[in-house]
Every structure is written in structure tokens, then in C-alpha cells.
Amino acid sequence: PSAFHPMPLPISWPSSRTTPTALNIWAASLRPILDLDEGDGGDSGWVTVTADVRRLHDSLLKAGTAETWRKNYPEYVRRVNAAHYAAGARGDGGDLCVRCLLCGLGEMRRALLPSGVPTAGRSVRTVILRPSGDAGAVRLDPAAEVAAAFGFRVPSAGAGGGGSHCGDAEGIGRHLSALAAYGAMEEDAARHAKSVVDWGATDWDRLRGVLDGTAFVLLGATSCLGPFTVLSRLGATIIAVARKGTKMQSLINNVHDISSKNFECTVHLPLITPSEAQEEQAYVAPDEMQHVGADLLTDYAEIADWVVQLEPTKRLVVCNLIYLDGEKHVRATAAMDYISERVLEERPNSALSYLLSPSTVHHSSDTCFADAARRRAVSPAWHAPLSWTGVLRPPAIVAGRLLDGISVFQGPNYCLAKSLQEWRAITARHRGAIVSANVAPAARTESVVSSTSAAAALEGMQALFPPFVAFDEDVARSVMAALLLWDIGADGAATAGDVGHVMDVPARNSVHGGIDRIPYSMDSAGNFGVVAGRLFVKHGLCPEGLLAELIKEERLTAGNEKNGSGICGMV
């Protein structure tokens with residue numbers, strides 16, 4: 001039936017060349033600084049900043065910049081972020097910085113979103129799925145079932161590969177503690193994720209209150225690192241938006257296969273229709289189920305209209321999860337931003353969620369900077385000549401607090417898309433919205449392992465540059481889902497609160513995978529990672545240093561039954 005739908009107005013670039021529009025977005029985020037009276041800062045230092053920003057703004061827009069953008073964009077992005085940070089430190093509570101970010105977001109929407117009515121007379125039917133259940137399923141106590149929902153497989157460190165499943169609260173907690181001790185995530189992230197896993201036993205009312213009062217809008221529900229699997233196992237209400245196709249059909253099948261006796265999830269799925277009717281439908285014919293799904297690049301307006309009227313008694317949490325290759329990633333970000341803003345406007349008690357990337361210029365911590373310097377000082381002897389010649393370079397620290405984690409391999413569109421998402425997280429939190437925005441690690445997702453170079457870079461960096469860890473998909477997914485629940489379930493955890501600098505959002509609950517603590521820049525280390533990953537590093541293993549930390553955690557709880565609860569059977 002979709003072949004007969006009226007054509008919507010898609011999100012698209014204003015010309016066949018995407019770079020000029022991208023440059024306009026970066027430049028627009030500087031204009032509030034230029035709009036100030038140069039003497040308004042009250043000291044000569046701010047006048048210098050304004051002059052520097054003007055030169056940067058003009059350089060972004062001058063002829064010839066677009067032709068060399070892919071090669072030179074990291075330097076420009078560092079300078080833009082330095083300007084934003086200076087604006088945020090100006091003494092106005094971050095207002096100038098926020099205006100900068102909002103101008104960048106506004107330019108994105110002005111350039112990419114159509115000015116006409118994008119729905120083209122179409123609407124969305126709601127297909128509701130619930131698990132079919134399994135009469136023979138073993139009933140677990142709620143605490144055990146909560147822990148099982150967050151369970152994951154832990155790879156072996158040995159040459160034989162393998163690994164085992166970790167699905168009890170104590171084992172998961174020890175694994176998270178080991179990851180923090182190794183340096184692959186920050187201690188507050190491990191502590192908060194462990195707390196959520198423990199809620200099943202220690203704070204059942206809080207967990208049920210969060211789940212029963214919330215509907216999770218997953219934009220990109222089939223995302224490898226998204227929380228769908230965990231939330232569905234916990235019996236959450238989910239509004240799942242993803243493109244129709246094999247991944248969506250697999251998601252549907254997984255809902256039917258959930259056999260929990262304690263929790264029953266409810267999943268709302270969209271079915272685009274030319275009809276004006278928006279009735280709920282718990283059952284659709286098999287030939288219609290293949291059309292369930294929506295493409296936000298064309299269906300974003302219909303989905304926004306649909307989402308805002310669903311589950312009116314619950315708080316909506318809009319999770320921005322879509323990742324697409326190249327310029328489509330920026331367009332998808334614009335679509336998600338449109339929906340997020342519509343939800344916040346029409347249902348102000350809603351929340352937003354983002355998986356931020358460590359592969360951008362982002363706020364880090366003095367602890368991470370000091371650890372990276374310590375590791376560089378005690379690095380292996382073979383690093384020395386490469387450091388002297390500049391092949392291995394120290395991490396670039398911008399404005400004293402921002403870490404340049406950019407990887408040129410991922411390209412300027414990825415950098416722009418993830419920066420735009422971070423800008424919305426910062427601005428929404430600044431105006432009082434609840435925002436879960438945690439840095440997520442590089443992981444062995446389907447899109448990564450299908451790329452020979454990307455997979456080699458991850459595995460090689462893990463082997464050569466501790467504490468970098470190539471997370472397995474299910475570990476990363478479980479950790480990030482736990483942090484999402486912490487952010488929306490712990491009072492004040494995801495609001496502006498005690499923010500020191502408006503841009504410090506990524507420094508909290510960071511699961512950076514070690515990027516913030518490795519002794520060299522992401523780009524220079526990644527070059528060696530690719531070579532090592534292709535030539536001699538075995539893929540899919542747990543780092544030996546992380547395994548050592550797991551063994552330490554096991555020893556701290558000696559006296560437990562030797563059932564693998566501490567290191568999940570990895571001995």
C-alpha cells in the first residue's frame with residue numbers, strides 16, 4: 001500500500017554539495033559572539049576572543065574552504081568548540097554559549113527541513129504488540145529477572161576465544177567495576193549503572209515507578225546500542241520507530257518471543273497510511289505487517305504528529321538513536337531534532353536521550369587528562385621514536401577542558417551529526433528539560449565489524465593502547481540502558497542541577513571506552529590500530545589488562561561459590 005501514498009517533502013540538502021551547508025551550520029554557531037559589542041566583555045581578553053572568532057567565522061565561509069574541508073575539518077571544529085567554551089565561561093550562566101548552539105541548530109533546520117507542509121495528507125496507524133508469553137517459562141523472582149535483563153556475554157582473553165554469559169547482579173557489578181578500574185569508563189558511570197541493576201532487589205518501587213510512568217520513544221529502535229532489548233525485557237512501554245525491513249521484522253519477532261512472567265512490555269509500531277484515521281490496532285493482517293515502520297528522512301512530520309498523542313498519561317522519553325552513513329546521518333539528526341522539539345513543546349514534562357560520541361571534541365576531566373599523561377610517561381620503548389617524530393601525538397586538549405577525540409576516518413558528516421546532537425542535549429538541559437546524554441563507547445556493532453578498516457582499528461587499538469576497549473555490543477547496550485534509567489529515575493540526575501560549565505554534559509557518566517585516557521590522540525593511535533588489527537591482532541577478545549581487573553574484583557569477594565559470578569566464568 002505504501003506505493004500509493006502521496007509523496008511527502010523529504011529532509012534534503014539545498015544542493016548536491018553538502019559541505020557548503022555544513023560550513024554554514026558551523027559558522028552560524030559563532031554568530032551570537034559576533035553580534036556582541038566587542039567591548040561588552042569588560043576586558044581586553046574578550047575583545048581578543050571576539051576578533052579570533054570573527055576570523056574563524058570568515059574563514060569557514062570563504063571560497064576554497066569547502067574544497068579542503070575533509071582534510072582540515074578537525075582543526076576548524078577544535079577552534080569552533082574553543083569559541084563555544086569561551087562563551088560558556090563568560091559569566092552569564094552559559095547563556096551566550098547556549099545561544100551559539102541554538103543558532104547552529106537553527107541553521108541546520110532552516111537548511112534541511114522543508115518550509116512547506118511535509119505530511120502530504122498522510123497519517124499513522126498504531127500497531128500494538130505484546131509478548132505472546134510462554135506457559136512453560138521458568139518464573140524468576142523480580143530481582144533476578146531485572147539482573148537477567150541487563151545480562152551480557154563477556155569474551156575470553158585467551159587465544160581460543162569463547163567467553164560466557166554474565167547475568168546476575170553481583171557479576172554484572174564486578175564487571176562494571178573492572179571496566180572503571182581499567183579506565184574504559186568513569187567510576188560514576190559504573191556506580192550508577194550498578195545501582196540500576198540492583199534496583200530490582202533494593203529499590204523495586206523506584207524501578208517500577210520509572211517504567212510504569214514512562215513511554216520510551218526509540219527513534220531508531222533497531223539500533224545496535226539502543227535500549228530496546230533491555231526495556232522490553234523489563235516490561236516497558238515502547239514506541240518503536242525504525243525503517244521497515246528485515247531488522248524491523250526481527251524486532252517484531254523478538255517481542256513475540258519474550259517469555260517474562262513478571263513483566264509484559266507494550267510496543268507501539270507505526271504504519272504509514274494515506275487515511276486520516278489514527279486508530280489503534282492490536283492486530284494487523286500478515287501482509288500488512290511487512291509495511292510496519294517509518295523512514296524518518298521522509299516520514300518525520302507524520303511520526304511527530306503520531307508520537308505526541310500516544311500514551312497521554314505517561315512521560316515520553318525521546319531516545320535519539322539513528323546512525324546512518326555519510327550525509328544521511330546529518331539528515332536523520334535533523335529529523336530526530338524536529339520530533340524531539342515537537343514533543344518538548346507539546347508535552348513539556350517529556351525527556352530527551354542521546355548516545356554521545358567520544359569521537360568528537362567533548363568535555364572531559366582533569367583525572368582523564370592526568371591518566372593519559374601518566375600512561376604516556378611509562379609507554380613502551382617502541383613508542384619513543386614514533387613520539388619524537390610526531391607520528392604518535394599526545395591528545396589535543398582544547399581550551400584546557402575539551403578533548404579532541406575526532407577520528408578523520410569517520411568523516412566530517414559524522415562529526416557534525418554527533419555535535420548537533422550534543423548541542424541539543426546541552427541546550428535542552430540548560431532550559432530545564434530532563435536530558436540523558438552519556439558518552440557511549442566504540443563497540444563491535446554490525447556496522448563496525450562489516451568494515452574491515454573500522455574493525456581492525458578497534459581491535460588494534462585495544463591491543464596496543466590500553467585502556468582502550470572494543471566493547472561487545474551487548475555489554476555496551478546494557479550499560480547505556482542502565483544509565484538511561486538512572487538519568488530519568490534518580491532525582492535531578494539529568495537536569496541542569498550543579499553544572500559547572502554548560503558544556504560539561506559529556507563528562508558525566510562517561511563510557512568512553514578508554515578514548516579519554518589513552519596516551520595519544522585518537523587519530524594517530526588509530527592509524528597504528530588499523531595496521532595491527534589487520535596483521536596480527538586476534539579479534540573479539542577481552543583485553544588481558546581488563547581480565548586482570550576482573551580477577552581482582554573476584555578476589556575482593558572471595559568466599560562466593562565458584563560459579564563464575566565475579567568474572568562470569570572466565571578463569
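The values are calculated or read from the model by the stated rules, or taken from the named source; none is laboratory data. It should be emphasised that the depicted structure is a prediction, and the values quoted were computed from it without experimental measurement. No Cβ is skipped: glycine too gets one built from the backbone with ideal geometry, and neighbour counts run over all protein chains shown. To get the accessible areas, we keep the full protein, side chains included, count just its heavy atoms, and leave off ligands, DNA and RNA. Shrake-Rupley method; radii C 1.70, N 1.55, O 1.52, S 1.80 Å.
Quick one: Debye curve from the alpha-carbon atoms of the range 291-332 only, equal weights, vacuum; give me log10 I(q)/I(0) at q = 0.24, 0.27, 0.29, 0.31 Å⁻¹ to two decimals. Values returned for q = 0.24, 0.27, 0.29, 0.31 Å⁻¹ are -0.97, -1.08, -1.13, -1.17.
For the chain, the share of DSSP beta bridges that are antiparallel, to the nearest 5, is 35%. Across every direction, the projection of the convex hull enclosing the Cα atoms of the chain has a mean area of 27.4 nm². Computed from the alpha carbon positions, the gyration tensor of the range 324-421 leads to an equivalent ellipsoid with semi-axes of 36, 17, 9 Å, biggest first. Near SER195: Cβ cut-off under 11 Å, other residues only, Lys/Arg at +1 and Asp/Glu at -1. The net charge is 0. Solvent exposure of the chain, expressed per residue, is 39 Å² of accessible area, with all protein chains present and a 1.4 angstrom probe.
For the range 176-274, taking the reciprocal of the average inverse distance between every pair of different Cα atoms yields a Kirkwood hydrodynamic radius of 15.2 Å. Accessible area per residue was computed with a 1.4 Å probe on protein heavy atoms; LYS328 scores about 90 Å².
Label separation (ARG130 vs ARG55): 6.6 nm, computed from points 7 Å beyond Cα along the C-beta direction. Rounded to whole Å, the principal axis extents of the Cα atoms in the range 377-436 read 50, 25, 19, largest first. Dipole magnitude for the chain: computed about the Cα centre from +1 point charges on Lys and Arg Cβ and -1 point charges on Asp and Glu Cβ, it is near 1180 debye. Taking Cβ atoms as reference points and 13 Å as the exclusive limit, the residues near ASP212 contribute a net charge of +1, counting Lys and Arg as +1 and Asp and Glu as -1.
Extension gain, ALA381 to GLU345: 0.36 nm times the residue separation minus the Cα-Cα distance gives 7.3 nm.
One decimal place: the segment ARG109-VAL391 gains 97.6 nm when fully extended, by the rule 0.36 nm per residue minus the C-alpha distance. Among the protein heavy atoms, those of GLU145 account for about 20 Å² of accessible surface (1.4 Å probe, every chain in place). Over the range 57-104, all Cα pairs binned in 10 Å intervals from 0 give whole-percent P(r) values of 25, 43, 26, 5, listed from short to long.
Among the lysines of the chain, pairs at least eight places apart or on separate chains and with Cα atoms under 24 Å apart come to 12.
With a Förster radius of 25 Å applied to the beta-carbon distance between HIS165 and LEU556, the computed FRET efficiency rounds to 0.70.
Full extension of the chain between ASP95 and VAL47 yields a length gain of 15.5 nm, computed as 0.36 nm times the residue separation minus the alpha carbon distance.
Across the options LEU269, VAL378, LEU402, the greatest Cα extent toward the positive end of the charge dipole of the chain (unit charges at beta carbon of Lys, Arg, Asp, Glu) belongs to VAL378.
Restricting the calculation to Cα atoms, every distinct pair contributes to the Kirkwood radius of the range 388-494, found to be 16.3 Å.
With all protein chains present, how much of the accessible area of the chain (probe radius 1.4 Å) comes from carbon and sulfur, to the nearest whole percent?
52 percent
Working from Cα pairs under 8 Å separated by at least six residues, relative contact order for the chain is 20 percent.
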